[in-house]
1. Being surrounded by fewer than 16 Cβ atoms within 10 Å (Cβ to Cβ) and in contact (Cβ under 8 Å) with a residue 24 or more places away in the chain is the filter here, so list the residues in segment 40-50 that pass it.
2. Given the condition open to solvent by 70 Å² or more (accessible area, probe 1.4 Å) and either more than 23 Å from G154 (Cβ to Cβ) or in a strand (DSSP E or B) (or both), answer yes or no: does some residue in segment 71-80 qualify?
3. With respect to the numbered conditions (1) open to solvent by 50 Å² or more (accessible area, probe 1.4 Å); (2) part of a strand (DSSP E or B); (3) modelled with pLDDT under 95; (4) closer than 22 Å to K159 by Cβ, which one is the sole condition not fulfilled by H92?
4. Does S85 fit the bill of being hydroxyl-bearing (S, T, Y) and either touching a Pro at 6+ places or on another chain (Cβ under 7 Å) or part of a strand (DSSP E or B) (or both)?
5. Take V84 and decide whether it is under 28 Å from L33 (Cα atoms) and either more than 11 Å from the chain's Cα centre (by Cα) or at pLDDT 65 or above (or both).
6. Which of the residues spanning segment 7-25 are out of contact with any Phe, Trp or Tyr (no Cβ under 9 Å at 6 or more places or on another chain), open to solvent by less than 50 Å² (accessible area, probe 1.4 Å) and at pLDDT below 95?
7. Across segment 24-70, which residue is farthest from the chain's Cα centre (by Cα) among those that are among the hydrophobic types (A, V, I, L, M, F, W, C) and not in a loop (DSSP other than H, G, I, E, B)?
Amino acid sequence: MARLTVVTGGQQTVHEITGTTTVGRSAECQIRLSGDPKISRQHCQIEPRGNDFMLVDLNSANGTRLNGQEIGRQKVALNTGDVVSVGASELHFQTGGAVDGANRLVDRVAGFFDRLFGRKGQSEGQVVFGEKTLTCSCGAVLSTAGKNPGQKVGCPRCKKIYVIPGK
């Protein structure tokens with residue numbers, strides 16, 4: 001079970017995500033945010049994919065942000081605790097279950113060790129690219145060997161997708 005807590009103008013509403021869910025100003029959207037002119041009629045969509053949920057911007061005029069980062073035209077995986085920003089609204093994504101609780105514990109422990117040992121060149125939520133690896137914001141080290149700039153690599157731990165940067 002997944003849900004979005006929508007925070008708009010100091011008010012909160014909770015929406016269960018049971019299938020593909022569209023967010024926007026249109027009356028046809030499952031989550032309607034009608035009072036904000038910076039939100040497109042069909043702004044973004046959350047799509048279930050197995051046990052995961054993917055976020056995609058629907059070519060909105062003002063873009064969609066995930067944890068403060070513009071997602072552009074790519075589909076990105078949502079994780080418990082992620083914050084999606086559309087216009088002046090924030091959508092807080094949560095999933096339920098024991099697996100999420102274990103993942104949160106792992107994230108907290110990893111964050112503790114990151115702060116304790118002071119990862120150089122990496123701040124909270126930032127990706128660090130090395131010679132043939134990249135370090136995901138969750139702490140996983142991913143190999144980029146044999147990949148060309150522009151190709152994608154996915155994190156097996158948090159399911160985020162990264163595009164290999166150009167040189």
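The values are calculated or read from the model by the stated rules, or taken from the named source; none is laboratory data. This one's a predicted model, so the numbers in the text were calculated from it and none came from an experiment. FYI the Cβ positions are ideal-geometry reconstructions off the backbone, even for glycines, and counts take in every protein chain you see. Just so you know, the surface numbers come from the protein's heavy atoms only, side chains and all, with ligands and any DNA or RNA stripped out. Shrake-Rupley method; radii C 1.70, N 1.55, O 1.52, S 1.80 Å.
1. Residue satisfying the conditions is P48 alone.
2. no
3. Going through the list (1) open to solvent by 50 Å² or more (accessible area, probe 1.4 Å); (2) part of a strand (DSSP E or B); (3) modelled with pLDDT under 95; (4) closer than 22 Å to K159 by Cβ, H92 breaks only (3).
4. yes
5. Values: under 28 Å from L33 (Cα atoms): yes; either more than 11 Å from the chain's Cα centre (by Cα) or at pLDDT 65 or above (or both): yes.
Criteria met by V84.
6. Answer for segment 7-25, where residues must be out of contact with any Phe, Trp or Tyr (no Cβ under 9 Å at 6 or more places or on another chain), open to solvent by less than 50 Å² (accessible area, probe 1.4 Å) and at pLDDT below 95: V7, G19.
7. So in segment 24-70, the residues among the hydrophobic types (A, V, I, L, M, F, W, C) come out as 27, 29, 31, 33, 39, 44, 46, 53-56, 58, 61, 66.
Going one step further and asking which of them are not in a loop (DSSP other than H, G, I, E, B), we end up with 31, 44, 46, 53-56, 66.
On the way: I31: 18, C44: 12, I46: 10, F53: 9, M54: 8, L55: 7, V56: 10, L66: 5 Å.
That would be I31.
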